[in-house]
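The values are calculated or read from the model by the stated rules, or taken from the named source; none is laboratory data. Owing to the predicted nature of the structure, the values given are computational and were not obtained by experimental measurement. All Cβ positions, even for glycine, are placed from backbone atoms using ideal geometry, and neighbour counts span all protein chains on display. Side chains are part of the model used for accessible areas, which takes the heavy atoms of the whole protein and leaves out ligands, DNA and RNA. Shrake-Rupley method; radii C 1.70, N 1.55, O 1.52, S 1.80 Å.
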Amino acid sequence: MLGIKKKYYVKQELDDDKPSIHGRIKRNNNNDQNHQTGFCLMSMLELQKPTIDTPCWPVKKAAASTIIAVFLITVLMVSVGWLDISFSGVSSYQNMGVGSKSTTARHKPEFPLECSTENQTQTCRRDYPTTTGIPPMNTSKVECPSFFRWIHEDLRHWKQTGISRDMIEGARKTAHFRLVIVKGKAYVEKYRNSIQTRDKFTLWGILQLLRMYPGRLPDLELMFDCDDRPVVRSRDFQGPNARPPPLFRYCADEWSLDIVFPDWSFWGWAETNIRPWRNVLKEIKKGNERRKWKERVPYAYWRGNPSVAPTRKDLMKCNATNKNNWNTLLYVQDWDRESKQGFKQSNLGDQCTHRYKIYTEGWAWSVSEKYILACDSMTLYVRSRFYDFFIRGMQPLQHYWPISENTKCKSLKFAVEWGNIHPKKAQAIGEAAGKFLHEDLKMDNVYDYMFHLLNEYAKLLKFEPTVPPGSVELCSETMACPRTGTWKKLMVESLVMSPSDVTPCGMPPPYEPQELRDFLETKANSTRQVEMWESQYWLSQY
């Protein structure tokens, strides 16, 4: 195919040096520490079990008060939920330290969809908890990932002035809907239809946030635009008296003030049969395990719709042919044909088969970004004008390899050549991105990002949000129960069944001005380093 033999051969594939004995000793010490910690915890659990065939001795008066004190402390711990003791005598530690991200499993009451019969009007479930049961003053001991710091930057434009109702009204001309949250309930005022079901699944995601953290979000009001490109231009709002309209959307760029929010596909993309992010991550993880990095095809892979933007049409010129081998394998994704054939060729878990995967934006940023970066293949990231909410926390040469937008073909060829000569370094870049996506961008953190963004936004409001006339109350039942097919399936899959028993992660502080400049300069220097290597490579070819 395309003049490329089925068995791939790499001319130079050098192994990095093996870790030193000191590195191995350090890892063994860490393992010993983990073993000791596990033993201590097991010992604590053993102390709670009923004792069998153990003689009872009379307790001296001096010790009686101590035993009573221990008993009272234990009762207090049980009452506040720090210690979960069943009546059968089996014990388990739960949430030692309120607010920690404990993963200890325990039975929690679940609240599935409560759908009315066909002839009845669908109503909202009224027995769902209105609080998490965790006191509001408790904060998590787990700090949020560093990209949460960009929330402060996105809201910085309103720190001095606050947000008035008039400013919100200024965002109405392009908004698809107004969302109001009052006393933990969501109300929506719809203005126009969005592309496909973007608005529906965005609202669905916000409803799941309210189910995850009931009663913890303050009252708020916002405008949301579901189109691709940002519209609030910085140049239109200069000076101390500027009053930019706060407008939420999925991406922005350095010339705009739009507030970036997680996109709809985290809860599923019905039109392309893409499952919710939590499920997709599991599928991609299995795909990563099926084919190890060195067994993958040593070419750069991309599959997508090239017709949505000139930059993608330009990318297709880099496809490998008998005449020009740019080290790339590029395929057109026909979603209409895929839909008719049951989406057999678009399973994201089956696409982690190449050592390198290409990301390029579409009309704006592309939802494909997270699926590509999660694959453990080194992502060849064509320089993008637009950013979403998490990419700002990732660094070139650490999480991806920057590709020149103006000389894509030559840049892609060099990147693959470099990776095949330095396979362990290329593999490390791919795995660092995969770790970021699977850990820092896991679904719990997506919800926490939404929580902190909306919470910080609500602090800026200078008016009391009220339910607008003509708005409709939304809940999971009214959105999902009337639906059928893929739409309903994805909503059921992404339904939050119970309130969280831990608090959101701890919000990191804003960047100091010099700190932010240093961060951006590091990013720019890494890109310049790649450009220098690439230039030297091509000079050596002539």
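Just checking, does the stretch 275-293 include any residue being closer than 20 Å to C475 by Cα and surrounded by 22 or more Cβ atoms within 10 Å (Cβ to Cβ)?
Yes, because at least one residue in the stretch 275-293 is closer than 20 Å to C475 by Cα and surrounded by 22 or more Cβ atoms within 10 Å (Cβ to Cβ).
Is it the case, given these coordinates, that K294 is farther than 30 Å from D199 by Cα and either among the small types (G, A, S) or in a helix (DSSP H, G or I) (or both)?
Considered against the rule, which asks whether it is farther than 30 Å from D199 by Cα and either among the small types (G, A, S) or in a helix (DSSP H, G or I) (or both), K294 comes out as yes.
Whether any residue in the stretch 347-358 is in a helix (DSSP H, G or I), closer than 14 Å to N305 by Cβ and touching a Gly at 6+ places or on another chain (Cβ under 9 Å) is what I want to check.
no
Residue-wise test of (1) touching a residue at least 24 places away in the same chain (Cβ under 8 Å); (2) under 19 Å from P468 (Cα atoms); (3) in contact with a Cys (Cβ under 7 Å, 6 or more places away or on another chain); (4) charged (D, E, K, R).
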residue	(1), (2), (3), (4)
M167	yes, yes, no, no
A171	yes, yes, no, no
R178	yes, yes, no, yes
Y191	no, yes, no, no
G205	yes, no, no, no
G215	yes, no, no, no
S234	no, no, no, no
R243	yes, no, no, yes
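One line per residue, one yes/no per condition, for (1) modelled with pLDDT under 95; (2) crowded, with 17+ Cβ neighbours inside 10 Å; (3) assigned by the TED database to the domain that holds R291:
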site: R383; (1), (2), (3): no, no, yes
site: Y400; (1), (2), (3): no, yes, yes
site: N455; (1), (2), (3): no, yes, no
site: K459; (1), (2), (3): no, no, no
site: F463; (1), (2), (3): no, no, no
site: T466; (1), (2), (3): no, no, no
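Those residues that are of a type in the set (S, T, N, Q) and more than 29 Å from G393 (Cα to Cα), I need them from the stretch 153-177; list them, please.
S164, the sole residue that qualifies.
Filter the stretch 488-542 down to residues that are closer than 30 Å to F111 by Cα and among the aliphatic types (A, V, I, L, M) and give me whichever is most open to solvent (accessible area, probe 1.4 Å).
V492
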